[in-house]
Structure formats: C-alpha cells, structure tokens
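Okay, so here's the structure we're looking at.
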Amino acid sequence: MDFPEGKRYNTFVGYFKRRYGERLQKVVIDAGMTCPNRDGTKGRGGCTYCDNAAFHPGYSVPGKSILQQIDEGIEFHRGRYRNARLFLAYFQSYSNTYAPLERLKELYEEALSHPSVAGIVVGTRPDCVDEEKLDYLREIQSRGKTVVVEFGVESCYDVTLARINRGHSFDDARRAVEAAAARGLDVGIHMMLGLPGETKEMMLEETALLNTLPIRSVKFHQLQIVKGTRMEKEYAGHPEDFVRFSLEEYLDFFVDILERLRPDIFIERFAGEVPPRFVTETPWGLVRNAELLHMLDERLEVRDTFQGRNLPQ
C-alpha cells in the first residue's frame, strides 16, 4: 500500500498539504460554550475525565474576541511554523454547536473574516447538531472555505459512554456523522483508548465499527488521568478497571489498530499531550508529539506493516 509523504499510514497534515499545496495550522478558539451534560440539560459535571484547561493553549480564553484569539494564536505558532500562511480557526472548547444558529453565525463569520483563515474546524458532540446547523456549515463550504466537523465519540460502547457521563449513545454518533457526511462536509471523530471497563480486545474491535462510518479523519488519544476530575477518584478507587499502557505497549497497540483501520481514513493524532501540572502521573516521561510520531514511523518499519493491512482484500 502506498501512502503520501513516504508514510505507512494516512496523515491529516498530508491531506491538507495535498489539497492546498501547503500546511494548514489550527488556531484554537474558545467561544465560551458549554455542554448539555454540564448545564443540566442532560447531566451535570461534564465528562468524568474532562478539565478543558488541560487541553488548550493559554492564548485561547473566552474573555478575548475571536479575532484577538486568532491573531495571538498565529503569533504563537509562527515560532514553530515560520512558513505557515493559512490557518484553520479551531473551535475546540466544549460543544461548539451548542448555541442558537444566529449565535453560531456570529462566531464563525467573525473567524472567517480574518484574512489568514482558510476555514473552520468545529469540535462538538453528536447530540448538538441539527439539519439547520449542518446546512449552514455546508453553505460556508460552498464559499470555498474548509469546514471540518469534529465529533467527540470517545467510545463505541454505550455502557462506557454512560459510565463517563457523555449523555449520548453510539447511535447518536452514527446519525450525526452520517448527516454531516451526506452534506459533503469533512467529518472527523475523536476516540479515547483506555476508558474504564474496556479491555484491549474491546478497543481493537471498535475499529470495525469505525470502518463503517463515513468519516474523513480520526483522532485517537490515550486516556490521561487529569487532577481534580471524577475520573481521578474513580481510578484511585478501582485501578483494576483501567488498561494503562506503557509507551512501548501503546505504540504496538496503536499499530494493531492501524492494521485494522480503513486505509482512506486520515489519522490526525494517535496520542495526546497534557501539561504535566494537570496529570497525576507521567508514565511516558516528557516525550512530545513530534517524537511520538517518529517512534510510530519506526515501529511500523520494524513490523513491516501499514494502515489497513489486516482488512479483508
């Protein structure tokens, strides 16, 4: 199987390079949203693993305007990506379609008015979209702007979703993904590996379900126990319910996942970073994403394998 950039799997960075001829860098936006499992609509407290402060940069705070966050985000990234010319406004924090359509239009249009913004990435939940909102996102795309809808799915098992207080089912996720894809939108999903109650076999079996979804990309994160969350207490009381990976184990396990994953699905991320001050332990040390990607490339070479290898021909 041949993949671009000499890789053994499809990278989402490579997808945009082929589409635009250059890298598109995300700039994280906090639009001041919340979630239905936080505000009482479906529950309280949000997902048991969640502390949003651990997942977004310091320039992204809801007290700043959208354009100010974009300007500061571009400046933040210029140090690393000096040649970056185009950016994607990434509405990341909480559920970024969980507001009336007119409010969403104000937020998205402000971001799209920035001359360096080529499009938007909208992080949200499967139960926070409807036909009107998806139609509006399709209209943005018709103007030549990039639109990616990134759904937090996290697990394909309803028992897990209930345990972590997601407040939606996997069927909800399937319906939302199919509705967005039917409008020609780029659809990404977010999955977590190591959630309580799930075995390695269960996690591997999820790939068969992911392969049935009309998705463009997927982001995988290993579970990290964030201080002050309900999951920290759950882990302290029942560590036997959690699969915890060493770095070497995770690399091999993720290669096992890649071998079972449709080769046309782009991998946006295969592991996550949380600043050490937010977590109870750092079993992988302070290894950064760039180094992890290099390790994954090496592991695929050593095993002489590639994305989709174990799928039926």
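The values are calculated or read from the model by the stated rules, or taken from the named source; none is laboratory data. Just so it is clear, the structure is predicted and the values come from calculations on it, not from any experiment. Cβ placement follows ideal geometry from the backbone for every residue including glycine, while neighbour counts extend to all protein chains displayed. Just the protein is used for accessible areas: all its heavy atoms, side chains included, with ligands, DNA and RNA removed. Shrake-Rupley method; radii C 1.70, N 1.55, O 1.52, S 1.80 Å.
Some notes on this structure:
- Selection from the range 61-78 of residues that are among the polar types (S, T, N, Q) and assigned to a loop (DSSP other than H, G, I, E, B): Ser65
- Checklist (1) touching a helix residue (DSSP H, G or I) at 6+ places or on another chain (Cβ under 7 Å); (2) closer than 21 Å to Val187 by Cα; (3) open to solvent by less than 70 Å² (accessible area, probe 1.4 Å) applied to Arg18, failing item: (3)
- Counting only residues that are in contact (Cβ under 8 Å) with a residue 60 or more places away in the chain, of a type in the set (D, E, K, R) and under 26 Å from Asp51 (Cβ atoms), the range 222-268 holds 4 of them.
- Residue in the range 22-45 that is within 19 Å of the chain's Cα centre (by Cα), in contact (Cβ under 8 Å) with a residue 12 or more places away in the chain, part of a helix (DSSP H, G or I) and crowded, with 19+ Cβ neighbours inside 10 Å present: no
- Scan of the range 113-144 for residues that are more than 21 Å from Val218 (Cα to Cα) and of a type outside the set (Gly, Ala, Ser), ordered by number: His114, Pro115, Val117, Asp130, Glu131, Glu132, Lys133, Asp135, Tyr136, Glu139, Ile140, Arg143
- Count - residues of the range 218-234 that are farther than 26 Å from Ala179 by Cα, touching a strand residue (DSSP E or B) at 6+ places or on another chain (Cβ under 8 Å) and either outside any helix (DSSP H, G or I) or among the hydroxyl-bearing types (Ser, Thr, Tyr) (or both): 6
- Residues of the range 79-121 classified as assigned to a helix (DSSP H, G or I), crowded, with 16+ Cβ neighbours inside 10 Å and either touching a Leu at 6+ places or on another chain (Cβ under 9 Å) or free of Cβ contacts under 8 Å to residues at least 60 places away in the same chain (or both), total: 5
- The criterion of at least 3 residues that are farther than 21 Å from Tyr9 by Cβ is met, among helices (runs of 4 or more DSSP H) falling completely within the range 154-217, by 158-163, 170-182.
- Filtering the range 181-223 to residues that are acidic (Asp, Glu) and farther than 14 Å from Val243 by Cβ leaves only Asp186.
- Cβ-Cβ under 8 Å pairs, at least 6 apart or on other chains, the range 296-313 side closer than 9 Å to Tyr9 by Cβ, far side modelled with pLDDT under 95 and open to solvent by 70 Å² or more (accessible area, probe 1.4 Å): Phe306/Met1; Gln307/Met1; Gly308/Met1
- Close pairs (6 angstrom Cβ cut-off, 6 or more residues apart or separate chains): in a loop (DSSP other than H, G, I, E, B) in the range 279-294, modelled with pLDDT under 80 anywhere: Thr282/Pro276
- So Ile70, is it buried (at least 22 other Cβ atoms within 10 Å of the Cβ), more than 26 Å from Ile265 (Cα to Cα) and either of a type in the set (D, E, K, R) or touching a His at 6+ places or on another chain (Cβ under 9 Å) (or both): yes
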